[in-house]
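S.K.: Sharing a structure, written as C-alpha cells. Questions coming.
Each value in this text was obtained by applying a stated rule to the coordinates, not by laboratory testing. No experiment lies behind these values; they were computed from the predicted model shown. With ideal geometry, Cβ positions are generated from the backbone for all residues, glycine too; neighbour counts draw on all protein chains shown.
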Amino acid sequence: MSVQAPTQRRILTVLVAAQVLSGVGLTAGVAYGGLLTQDMLGTTSLVGLSSAASTAGAALAAVAIGRISQAHGRPGLAAGYLTGAVGSLGVVAAAVVDSAAMLLLALFVYGVGMATNLQARYAGADQAAPTRRARAVSTALVATTVGGMVGPNLATLTSELTDRLGIPYLAGPFVLASIAYATAALILIIWLRPDPLLLASHTTPSRPTPEGQGLLFGASIMALTQLVMVAVMTMTPVHIHNHGHGTAASGFVIAVHIGAMYLPSPLTGWLVDRYGPRKIAAASGLTLLAAGIVAASVPDDAILQFAVALALLGIGWNFGLVSGTAVIADAAPTSTRAKVQGTVDVSVAIAAATGGMASGLVVTAASYPFLALSSGILAIAIVPAAIHSRTF
C-alpha cells in the first residue's frame with residue numbers, strides 16, 4: 001500500500017463532508033438567484049445580472065483563494081466558504097429591504113462560496129497518484145451531488161419557515177446556504193490535516209506534460225463548457241416559471257441538473273484516467289450540443305423533458321470539468337500549483353459571468369430555444385480543440 005494512501009483517504013473524507021454541505025449552499029444561487037432578481041427588478045432581460053454578479057465574485061475569489069492557498073495551504077478554502085456564508089446573509093438582507101443594488105453586491109460576495117466549491121476539487125488531487133488524479137478530482141466533485149439534490153427540497157422547507165418571519169419566500173434558500181457554507185468552513189478548519197497542498201511538494205510527482213500547452217488546453221475546455229452550461233442553466237428556471245410553473249418545478253429541474261453535473265464524476269474520472277482527457281473533452285462538446293438541441297425543442301409544459309435537457313447539460317459540463325482539471329493538475333508545477341489553479345479558474349468564472357449576463361439578453365432579443373441551440377452549437381468548438389491537442 002502506498003504511504004500516501006491513508007492520508008489521501010482522510011483528506012477525501014473531509015473534503016466529501018464539506019462538499020456535501022457546500023452543494024446545499026450552491027443550490028440556492030443556481031435555482032433561486034435568477035428568480036429573486038427577476039422578482040425584484042421586474043424584468044426578464046436583466047435576470048442574467050444575478051449570475052453575472054455571483055460569477056464575477058467567483059472570478060475574484062479564484063485568484064484570492066489560489067494565492068492564500070499557495071501561501072498557507074488548503075485551509076484557504078475555509079475562508080472562501082465563510083465569505084460565501086456572509087454573502088448569503090447579504091442576499092437575505094437585500095430581499096428584506098427590497099434593494100436591488102444590495103442584492104447584486106451580496107450575490108457578488110455569495111459567488112466566493114461558488115468558487116470555493118470548485119477550487120476544492122484541486123485539493124482532492126494534491127495527494128493523489130498521477131494515474132488516479134482524475135478519480136480523486138471526481139470524488140471531491142461527486143460529494144456536491146448529495147447537497148445539490150437535497151438542497152432544493154430543504155430550500156422549499158426553509159422558505160416556508162422564513163416566510164413566517166417576514167423574509168421574502170425566494171430569499172429563504174439563502175438562509176439555508178449561509179448555514180451550509182459556515183458549517184463546511186468549520187469542518188475544513190478542524191479536520192483538514194495534514195494540509196494536502198503543503199504535503200504535496202514532498203510526496204506527489206507530476207506526469208511529464210508540456211506546461212504551457214496543458215494550461216491553455218485545460219483552461220479552454222473548462223471555460224467553454226462553463227459558459228455554455230451557465231447560459232442555459234440560468235434561463236431555464238426563468239423560462240419554466242414564466243410559463244406558469246411554480247418554484248417546485250424549477251427546483252426539480254435544477255436538482256436533476258446539479259445531480260447530472262456531479263453524479264457521473266466517478267465514472268468520468270475513471271474514463272479520463274483510462275482513455276485520456278482529450279477524448280472525454282470531445283465527448284463534452286457533443287453532449288452539450290445534444291443538450292442544446294433537446295432544450296430548444298421542449299414544449300413549454302414538458303417539465304420532464306426540460307429535466308432531460310438539463311441532465312445532458314450537466315453531464316457535458318462534468319466531462320469538460322473533470323478532463324480539464326486533470327490536465328491542469330498535471331501541468332501546474334507544485335511550487336506554484338494553487339496560484340496557477342486559481343488563475344485558470346478566473347477564466348472559467350469570467351466565462352460563466354459572460355454566459356450568465358448574455359443569457360437574459362439573448363432570450364429577450366430572440367427566445368429561449370434560440371439560446372439553447374446556439375449554446376449547443378458553440379460547444380462543438382471543443383471537439384476540434386481536443387482533436388488537435390494530441391499531446392494529452
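S.K.: With bins 20 Å wide starting at 0, give me the P(r) of the chain over every alpha carbon pair, in whole percents.
M.R.: 32, 59, 9
S.K.: Calculate, for residue 161 and residue 381, the FRET efficiency according to 1/(1 + (r/R0)^6) with r their C-beta to C-beta distance and R0 45 Å; round to the nearest 0.05.
M.R.: Given R0 = 45 Å and the Cβ-Cβ separation, E is 0.50.
S.K.: While we're here: Any chance you could list the semi-axes, whole Å, largest first, of the equivalent ellipsoid that the Cα gyration tensor gives for region 39-174, using √(5λ)?
M.R.: After scaling each eigenvalue by five and taking roots: 31, 17, 13 Å.
S.K.: Okay, moving on. Work out how much length residue 10 to residue 191 would gain on full extension: take 0.36 nm times their residue separation and subtract the Cα-Cα distance, in nm to one decimal.
M.R.: Extra length from residue 10 to residue 191 when fully extended: 64.3 nm.
S.K.: Further question: Where the Cα atoms of region 187-308 are projected onto their three principal axes, how long is each span, largest first, in whole Å?
M.R.: For region 187-308, the Cα extents along the three principal axes come out at 57, 38, 23 Å.
S.K.: Taking the beta-carbon count within 10 Å as an exposure proxy, list 241, 257, 72 from fewest neighbours to most.
M.R.: Fewest-to-most ranking of 241, 257, 72: 72, 241, 257.
S.K.: Order by neighbour count: 235, 102, fewest other Cβ atoms within 10 Å first, most last.
M.R.: Ranked by crowding around the Cβ, least crowded first: 102, 235.
S.K.: Another one. Treat the count of other C-beta atoms within 10 Å as a stand-in for reagent exposure and order 164, 274 from fewest to most. Show your work: numbers first, answer last.
M.R.: On the way: 164 7, 274 12.
Starting with the residue having the fewest Cβ neighbours, the order is 164, 274.
S.K.: Let me ask something additional. Step through the residues of region 308-314 one at a time and calculate ³J(HN,Hα) from phi using the Karplus curve (6.51 cos²θ - 1.76 cosθ + 1.60, θ = phi - 60°), rounding each to whole Hz and writing x for Gly and Pro.
M.R.: Result, ordered by residue: 4, 4, 6, 5, 4, 4, x Hz.
S.K.: Residue by residue through region 331-346, which ³J(HN,Hα) values in whole Hz follow from phi under the Karplus form 6.51 cos²θ - 1.76 cosθ + 1.60 (θ = phi - 60°), with glycine and proline marked x?
M.R.: Running phi through 6.51 cos²θ - 1.76 cosθ + 1.60 with θ = phi - 60° gives 7, 7, x, 4, 5, 10, 4, 5, 5, 5, 4, x, 5, 4, 5, 5 Hz.
S.K.: Once phi is turned into θ = phi - 60°, what whole-Hz ³J(HN,Hα) does the Karplus curve with 6.51, -1.76 and 1.60 give for every residue of region 242-249, x standing for Gly and Pro?
M.R.: 6, 10, x, 8, x, 5, 5, 5
S.K.: What is the extension gain from residue 286 to residue 364, computed as 0.36 nm multiplied by their sequence separation minus the C-alpha to C-alpha distance, in nm to one decimal?
M.R.: On the way: separation 78, 0.36 × 78 = 28.08 nm, distance 2.67 nm.
Here the answer is 25.4 nm.
S.K.: So if R0 is 41 Å, what FRET efficiency would residue 242 and residue 216 give, r being the distance between their Cβ atoms, rounded to the nearest 0.05?
M.R.: After rounding, the FRET efficiency stands at 0.55.
S.K.: Now for a separate question. Name the residues of region 315-359 whose amide N is less than 18 Å from a point 7 angstrom out from the Cα of residue 41 along the C-beta direction?
M.R.: 350-359, by backbone N distance to the label point.
S.K.: Using Cα pairs under 8 angstrom and six or more residues apart, how large is the relative contact order of region 4-388, in percent?
M.R.: 27 percent
S.K.: Over region 40-182, what relative contact order in percent results from Cα pairs under 8 Å that are six or more residues apart? Show your work: numbers first, answer last.
M.R.: Numbers: 187 pairs, mean separation 41.0, N = 143.
Across region 40-182, relative contact order equals 29 percent.
S.K.: Would you mind listing how long region 263-355 runs along its three principal axes, going by Cα atoms, in whole Å with the largest first?
M.R.: Projected onto the principal axes, the Cα atoms of region 263-355 cover 53, 32, 19 Å.
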